[in-house]
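Following: one structure in structure tokens, then a few remarks.
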Amino acid sequence: MRQSLKPLLRDYSMLLALAAIWAFFGIEHPVFLSSRNLSLLLIELSITASLALGMLLVLLPAQIDLSAGSGVGLCGAIAAVLVYTHGVPAPLALLAGTGVAVLVWSAMGALIVRQRIPAFIITLGGLLVFKGLHWLTIKGQTVPVTEGGRVNAFSLLTTFYLPPALGYVLAGFVVAALALSQARARARRQSFGFRVPEPSHAFLTWFVSAQLIFLLVIVANQYRGVPLPALILGALALSVHVLTAHTPFGRYLYAIGSNEEAALISGVPIQRTVIAAFAVMGFVVALTGFMQTAYAGASTSTVGSLMELDAVAACVIGGTSLRGGRGSVAGVLFGALIMASLLNGMTLMAVTPEIKFIARGVVLALAVWVDVKLNAE
Amino acid sequence: MTAVLATRDLVKRFPGVTALGGVSFELEPGEVHSLCGENGAGKSTLIKLLSGIHAHGSYEGTLLASGNEVEFHSTRDAEAAGIAVVYQELALVPEMTVAENLCLGHLPTRRGLIDWSEVYAHAERVLKAAKIELDPTVEVRRLGVAERQLVEIAKALGKAPRVLILDEPTAALSDDEVQRLLDVVRELKGRGIAAIYISHKLDEVFAISDRITVLRDGKSIVTLRAADTNPSEVIAHMVGRPITDLFPRRVSTPGEVLMEVKGLSVRPRTSAPERLQDISFQVRRGEVLGIGGLMGAGRSELLLHLFGAWGERAAGQVTFQGSAFDVKSPHEALARGLALVSEDRKRYGLFLHSPIGFNLSLSSLPKLRRRGRIDQGEEVARSRALFDSLRVKAPGLETMVGTLSGGNQQKVVIGKALMTEPKVLFLDEPTRGIDVGAKLEVYEVINRLCEEGKAIVLVSSELPELLGMSDRILMLSEGRVGGTFQRGQATQEGLLAAALGRLPRSAEASVVS
């Protein structure tokens, strides 16, 4: 919808960056490109990208959520303690954790828009409070997500893989749906008299996407199959795309971030919209928290730490403006891929935590610098 | 006697507008000289030339100080020539003390640290010289508006000027405070400091001035001795302009009352003084109600309040189609059938980096919702219909609004309001800053909407526009109703007198319908 040369330029520069990252890790440490590692990377990408998609909804109306990482730890901890210590059935525990998160995030949203306290401060407070609550919840222990190594809904989140055959069926289904929706969107645009891309160009876009999807499934199937988090991410990405591109709520997010005063006079219900964005963020934080905790196998004091910054970095790398009003699902997924690749590669190369911190910091600063630069022009 | 400050044939052009089209005026030593004119007559531009904000070279004509030609390249040059300006907008730092504000920009230092005793000594000297009684150690935020205005004057006097320019110094002051300020001006005059005084309040102008120069349409029309003239003559000079045939308003037959306001008083926030007092009017189906008044009369505030976007109601009732109307947000107002086009379209109207289509449909999304999603077919159909009927000149709905001309941007803002299918439409300065052709198109849209049975409230600073387009006119004066007029009964002189609060009460009573 918003096309000009500059975002395109940015897309390509980031594509080059991704290629460079993959080439570097692939050469330095060939295991990076093994099907096992790529499968793990897919799980890590799914977790990072999920949180980033929630962050997108908060960044669009020019807000921010610095408490997301602590929230991830807290939600995972609540569910883990309910399951492990209190013997609550896993689905119920997950539901409880989600409910708490949605309520708490709605409350933060309400504080921000009703009491006019900047989101930066409220969520910075949240970062500390949730971290404290997280540690209180697990009492400094390591709390496994399941009792005695049994399988439950919680542990399955990151250990369930789609059987290979089903993976191919799903890939075929997605590729067909993609073709159908692209053709329908094209026909609509034509009926509105809008510009549509050349047929050959449209076909090429679809063809490349189809190839990538099948490649992904082939690689995943070489290990154990498509991991469940990838399916969750797919569903979440589709939902957030529909939300941002096809609902009044999404339009309102963009409008508030572009010009809040004009949005108010245009009848945009600003308070309701921002609170709803935070409520959705609460849901996403809980979902990410469960996946991240399940991935670690247990709730420990470090789960979720600093994940909010990876989410913000993924958004900004993907073209989301910190000043609001600009950003898309596709961009965020791409930014998350860069962040996840960096973190995965560094872990593989046994980079020390000190250097990892520094590298994350440099990438974040670099991404925001590019954002500011492109905004100024 | 040589004029301390004089101008000869000043001409200042902005892209598309001539702000000053030949201003000649002389300020004699020790005199108080008032500048009078309607909004947009060129007063502010003239001040900006005299104070060096519009630098030498950006205008034509000559500036003379004590008979010598001068070139001001910056405000510093003007200050060096002894010209100090007290601006309308207060430029004080509220968190600092009076003394700090008086020394701001040239704080005395000793070995790199601020010399506080000198700061207070300087402040005492300046205040004493102007006979202003204020404690220099008090923070400015604790002072009232009038006292802050005095600090501003003291600050200007600190530069030891020979000419003091006062731009609407009393706009926010009560009667007592105005007297206090006028006393200070007289005191300065006694010390030989000349003053240029700008005010919309003719009482003050006549109370303080030696001479009065009237500006109209960027030209100096006449200079009169205050003792030899009267307010009516000044008003006549301020108006003195024929109404052109620009206005295609057709006579309409108003229908039933759609909106009624009775005894409305509004304050900006709880426990603040009332900004609007005892305002009553009706808006009928198929008619245009014009609302006029000088800058700061409360026109925009009135519209914004009714629209749910400003202030707190202190008294009065508003009904809309017969039922009580007390909306708390524009969202509610739009849902009830009231839409508003703001005077500041870039700030309150447009999303410049978004496409025309995004802008047009934003206010109507609740009506375009089908099963939770936006019905894109319906959205495009409605947007296209408005795009065509308003004749927006752009390649298409996907063109970014920021790339359009002012007139076409304004059509998009109007289109956004129209797509909500309002019953009553508020238009705040809908033709400001757009060219004549686009103005005419806006007027035609207003006519069409009236024929369709909508009610229009048109706020305008331009008296000819009010007279040309309105069926009835309500003039506001300092937050109150200064007068109401029927189409055909109103004259520019009458409207201006009402805006200045000079309409006799009996005359006002006779025209209220």
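Here are some notes:
- The residues of region A:231-254 listed by number as losing at least 50 Å² of accessible area in the complex, against the isolated chain and with a 1.4 Å probe, are A:H246, A:P248, A:R251, A:Y252.
- Residue-by-residue Karplus 3J(HN,Hα) for region B:4-14, coefficients 6.51, -1.76, 1.60, Hz, glycine and proline x: 6, 8, 8, 10, 10, 6, 6, 10, 10, 10, 10
- Sparse-neighbourhood loop sites, chymotrypsin sites (Phe, Trp or Tyr not before Pro) in region A:315-369 - DSSP loop, at most 13 other Cβ within 10 angstrom: none
- The GNM of chain A, with springs linking C-alpha atoms under 10 angstrom apart, assigns the highest mean-square fluctuation among A:A183, A:A210, A:A262 to A:A183.
- Solvent-accessible area, 1.4 Å probe, carbon plus sulfur percent, for region B:263-405: 49 percent
- Alpha-carbon centroids, region B:192-206 and region B:281-349: separation in whole Å: 34 Å
- FRET efficiency, 1/(1 + (r/R0)^6) with R0 25 Å, evaluated for A:F24 and A:A235 via beta carbons: 0.20
- Residues with amide H under 5 Å from that of B:S280, placed H, sequence gap 5 or more: B:G263, B:L264
- Expected 222 nm ellipticity per residue - DSSP helices of 4 or more, -39500 (n - 2.57), all of chain A, to 500: -26500 deg cm²/dmol
- Label sites at A:Q182 and A:S301, each approximated as a point 7 angstrom past Cα along Cα to Cβ, lie 5.1 nm apart.
- For the protein assembly as shown, the solvent-accessible area of protein heavy atoms averages 44 Å² per residue (probe radius 1.4 Å; ligands and nucleic acids excluded).
- Loop-resident GluC sites (Glu not before Pro) (DSSP state other than H, G, I, E or B) in region B:131-162 with no more than 15 further Cβ atoms inside 10 Å of their Cβ: B:E133.
- Of all accessible heavy-atom area on region A:325-377, the percent that carbon and sulfur account for (1.4 Å): 77 percent
- If you wrap the Cα atoms of region B:1-119 in a convex hull and average its projected area over all directions, you get 10.3 nm².
- Amide H contacts for B:I374 (H built 1.01 Å from N in the peptide plane; partners 5 or more residues away or on another chain; cut-off under 5 Å): A:T247.
- Distance between the 7 Å Cα→Cβ label points at A:L103 and B:S405: 6.0 nm.
- Counted over the protein assembly as shown with a bin width of 20 Å, the fraction of Cα pairs per bin, in whole percents, is 12, 35, 32, 18, 3, 0.
- Restricting the calculation to Cα atoms, chain B shows an Rg/Rh of 1.00 when the hydrodynamic-style radius is the Kirkwood one.
- Each residue of region A:296-312 is assigned a 3J(HN,Hα), and the resulting list reads 7, x, 7, 7, 10, 5, 9, 4, x, 4, 6, 5, 4, 6, 4, 5, 4 Hz, derived from the Karplus form 6.51 cos²θ - 1.76 cosθ + 1.60 (θ = phi - 60°), x at Gly and Pro.
- Normalised contact order of chain B, rounded percent, pairs of Cα under 8 Å and 6 or more residues apart: 14 percent
- Quotient of C-alpha Rg and 2.2 N^0.38 Å, computed over region B:121-257: 1.42
- Annotation: amide H-H contacts under 5 Å for B:G61 (H modelled 1.01 Å from N, sequence separation of 5 or more, or interchain): B:V11.
- Evaluating 6.51 cos²θ - 1.76 cosθ + 1.60 at θ = phi - 60° for every residue in region A:91-101, the Karplus couplings come out as x, 5, 4, 5, 4, 4, x, 5, x, 4, 4 Hz, glycine and proline recorded as x.
- Region B:57-214, accessible surface, carbon-and-sulfur percent (1.4 angstrom probe): 47 percent
- Exercise: per-residue mean of other protein chain Cβ atoms within 10 Å, B:376-387: 2
- Each of B:V138 and A:A350 was given a label point 7 Å from its Cα along the Cα-to-Cβ line. The distance between the two points is 7.4 nm.
- Trypsin sites (Lys or Arg not before Pro) lying in DSSP loop within region A:133-213, provided at most 11 other Cβ fall within 10 Å: A:K139, A:R150, A:R195
- Net length gained if the chain between B:E187 and B:D375 were fully extended (0.36 nm per residue, minus Cα distance): 60.7 nm
- FRET efficiency, B:S389 to A:L212 (Cβ-Cβ, R0 45 Å, nearest 0.05): 0.50
- Highest-fluctuation residue, A:V363, A:V208, A:V113 considered, GNM on chain A with Cα pairs under 10 Å: A:V208
- Shielded by partner chains, region B:294-340 residues - at least 40 Å² of accessible area, 1.4 Å probe, vs chain alone: B:P330, B:H331
- Once the mean of 1/r is taken over each pair of separate Cα atoms and inverted, region B:382-510 shows a Kirkwood hydrodynamic radius of 16.2 Å.
- Value of relative contact order over region B:181-286, rounded to a whole percent, pairs C-alpha under 8 Å and six or more apart: 16 percent
- Measuring heavy-atom accessible area with a 1.4 angstrom probe and counting protein chains only, the residues of region B:347-366 that give up at least 40 Å² relative to the chain alone are B:R347, B:Y348, B:F351, B:F358, B:L362, B:L365.
- Interface between chains B and A: roughly 2700 Å² of accessible area buried, both sides summed (probe 1.4 Å, protein heavy atoms only).
The values are calculated or read from the model by the stated rules, or taken from the named source; none is laboratory data. On a predicted model such as this, the values are computed, not experimentally measured, just so you know. Heads up, the Cβs are rebuilt from the backbone with ideal geometry, glycines too, and the neighbour counts pull from every protein chain shown. Only protein heavy atoms, including side chains, enter the accessible area calculation; ligands, DNA and RNA are left aside. Shrake-Rupley method; radii C 1.70, N 1.55, O 1.52, S 1.80 Å.
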